[in-house]
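First comes the structure, then the notes that go with it.
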Amino acid sequence: MAADRLLSQEEIDNVFRNLKGAKGKDDPSRRAQVYDFRRPDRIAKDQLRAIHLLHDNFARSLASSLSAYLRAYVMVNLISVEQLSFLEFSQCLPAPTCIVSLGMKPFDGNSILEMNPQMVFPILEMLLGGTGKTPLKENREITEIERSILTGVFRIILHDLREAWSPISNINFSIEAFETEPQLLQILAPNEAVVAIGIEIRIGEVSGMMNLGIPSIIVKMLRQKFDQQWSVRKSESTEEELERMWRLLQPARLRFDARMTGPSLTVEQMLELKEGDILDLDYPVRQPLDLMVNGTRKYLGRVGTNGRRRVFQIETALTGE
């Protein structure tokens, strides 16, 4: 016989709480991921890796160029390569700073080159005769005169940047405008994607960042060039290249050794050998000898004489060894 009874408020709350928890586990909305439709299209990861390798080469080249130009030991290290919106990229830049708008002929659009004040003012000091190796706490805009002095440094940077990109495309990076406040940049739309490349420059105890922002749309246009450059391809050599390789190989020298392969001895057994001992080489008299070319077994044949000279007559050429 079932007994009727009233549920307490606590029991009612537990029932609804359990139903809510069960629904939450099966609710499809809990598995959905939030997507921001303002987010720019992403470029492929393999293309980002290719860009990383390209600018790693650029960093090594720039280290040599700046060391020669500044007459000091300069270290340049690639720190990061990532894709950001232009708004995110500009917000990461310090203010004030030294920003250069770069043309990218033959492509339409501009890229951005930024150098932190922590690096700009030590370089200016070195160019004006100082050591530049003492950290300076300058936080101001550069003057017109300082900007003109830095032109030589930017010319070297853009030269190495053009050389680094030359296997992909002949892009003519050129200075179009200077700016000091990132918020005043009107080069790209805020939600347009850029590939942000962070590079650290170090001179003695002084270090600072140089940031490069390249529009992602230009990188996407060069996708095929990246695939061709960084994929392993087997190209046919021209007659001129074959002739050049032959000229390089002609003076090369090879070492020929005729050897009779026999049993091995331990060092202890070899040291016990004395005059009159007989070694059983276990090698038939009629079996051909090995002819070694630079230590590699290439031919089989026999040793003979030609007048006063010892010769080797090749009987068999070995292939695939």
Item to complete: Could you check, for region 71-87, whether at least one of its residues is of a type in the set (D, E, K, R) and modelled with pLDDT under 90?
Response: yes
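Quick one: which residue in Ile175, Ile156 is under 25 Å from the mean Cα position of the chain (by Cα) and either at positive phi or surrounded by fewer than 20 Cβ atoms within 10 Å (Cβ to Cβ) (or both)? So that I can check it myself, show each step before the final result.
Working: Ile175 fails: under 25 Å from the mean Cα position of the chain (by Cα).
Every option except Ile156 fails the conditions.
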Worksheet item: When Val293 is evaluated against the numbered criteria (1) under 18 Å from Thr319 (Cα atoms); (2) touching a residue at least 40 places away in the same chain (Cβ under 8 Å), which criterion, by number, is the only one it fails?
Response: (2)
Practice prompt. Determine the pairs where a residue that is assigned to a helix (DSSP H, G or I), located within region 33-58, has a partner that is at pLDDT below 85 and surrounded by 13 or more Cβ atoms within 10 Å (Cβ to Cβ) with Cβ atoms under 7 Å apart, the partner being 6 or more residues away or on another chain.
Written response: Gln47/Arg223; Gln47/Phe226; Ala50/Phe226; Ala50/Trp230
Discussion item. Looking only at residues that are out of contact with any strand residue (DSSP E or B) (no Cβ under 6 Å at 6 or more places or on another chain) and farther than 12 Å from Ile214 by Cβ in region 98-124, which one is modelled with the lowest pLDDT?
Written reply: Asp108
Worksheet entry | Residue in region 283-312 that is surrounded by the most Cβ atoms within 10 Å (Cβ to Cβ), counting only those that are within 56 Å of the chain's Cα centre (by Cα) and outside any strand (DSSP E or B) | Pro288
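Just give me the residues in region 61-111 being among the aromatic types (Phe, Trp, Tyr) and surrounded by fewer than 19 Cβ atoms within 10 Å (Cβ to Cβ), in sequence order.
Our first condition is that a residue be among the aromatic types (Phe, Trp, Tyr); within region 61-111, this holds for 69, 73, 86, 89, 107.
Matches in region 61-111: Tyr69, Tyr73, Phe107.
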Practice prompt. Looking at (1) under 25 Å from Arg71 (Cα atoms); (2) touching a Pro at 6+ places or on another chain (Cβ under 8 Å); (3) in a strand (DSSP E or B), find the lone condition where Gly109 falls short.
Written response: (1)
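Among the helices (runs of 4 or more DSSP H) confined wholly to region 157-274, which include 2 or more residues that are within 30 Å of Gln47 (Cα to Cα) and in the same structural domain as Arg49 (by TED's automatic domain parsing)?
On the way: elements: 216-221, 223-230, 239-249, 267-271.
By residue number, 216-221, 223-230.
The values are calculated or read from the model by the stated rules, or taken from the named source; none is laboratory data. Since this is a predicted model, take the numbers as computed values, not measurements. Every residue, glycine as well, gets a Cβ built from its backbone with ideal geometry; the counts of neighbours run over all protein chains shown.
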